Amino acid sequence: MRKLSLALSAALIVAAPNAFAASYFTVTSTSITDGARIPFRFGADDPKRPCKPGSTEICPCPGQNVSPQLGWSNVPEGTKSFAILMYDIDGQAGAGVSHWVAYNIPSTTRALAEGDATAGKGFTGGAGTRGNANYLGPCPPRGDGQHHYTITVVALDLEPNLQPGLTRDAFLAAAKGHMLAASTIGGLFARPYD
């Protein structure tokens with residue numbers, strides 16, 4: 001009997017962390033691998049991108065500006081809407097660049113398909129650092145090397161009726177005290193040959 005109890009206890013100890021982890025709010029992507037290099041097609045396609053801030057030399061971005069697929073699961077009870085924030089933590093010499101601010105995503109939504117965020121489907125657009133309402137892919141300055149990008153999905157107890165055009169900071173201020181959970185996926189992006 002004691003051997004059975006020890007075996008059962010060991011099985012529960014092994015199973016418990018997995019069961020507990022499965023209950024966390026989680027974001028995944030079929031387009032990008034967490035912690036890996038982001039494929040070029042998800043990068044910006046800006047033909048007039050300056051090589052460096054303040055530079056007159058033009059270095060077009062090499063991407064297609066296709067937004068990645070995103071999915072989320074284990075949604076917290078009481079969720080009334082979702083938001084998505086994409087941020088380059090290395091941008092502007094470490095001050096950061098907001099690439100995408102999206103909110104008012106209905107509580108019934110569990111995914112955005114590739115290209116949905118580029119087209120502005122399924123959300124209200126805020127204002128990225130460059131004033132963009134929809135997805136703007138990575139495009140660090142030439143010679144900067146790899147930048148680190150995070151995409152965070154936030155579950156909120158707010159009804160999906162925030163006004164359009166909120167910056168990242170304005171959205172975070174409006175969402176203060178209303179965030180039920182958040183989950184982040186991230187990747188690296190650099191120009192070719194950087």
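The values are calculated or read from the model by the stated rules, or taken from the named source; none is laboratory data. Bear in mind the structure is a predicted one, so any value in this text is a computation, not a measurement. Methodologically, a virtual Cβ is constructed for each residue, glycine included, from the backbone with ideal geometry; neighbour enumeration extends over all protein chains shown. SASA here: full protein model, heavy atoms, side chains in, ligands and nucleic acids out. Shrake-Rupley method; radii C 1.70, N 1.55, O 1.52, S 1.80 Å.
Which one is nearest to Thr150 (Cα to Cα) among residues in the stretch 30-46 that are open to solvent by 90 Å² or more (accessible area, probe 1.4 Å) and assigned to a loop (DSSP other than H, G, I, E, B)? Once the filter is applied, the top-ranked residue is Asp34.
Between Pro164, Pro192, Pro138, Pro160, the distinction of being outside any strand (DSSP E or B) and open to solvent by less than 30 Å² (accessible area, probe 1.4 Å) belongs to Pro138 only. Of all residues in the stretch 49-74, those satisfying the criterion of being assigned to a loop (DSSP other than H, G, I, E, B), closer than 24 Å to Ile105 by Cβ and open to solvent by 40 Å² or more (accessible area, probe 1.4 Å) are Gln64, Asn74.
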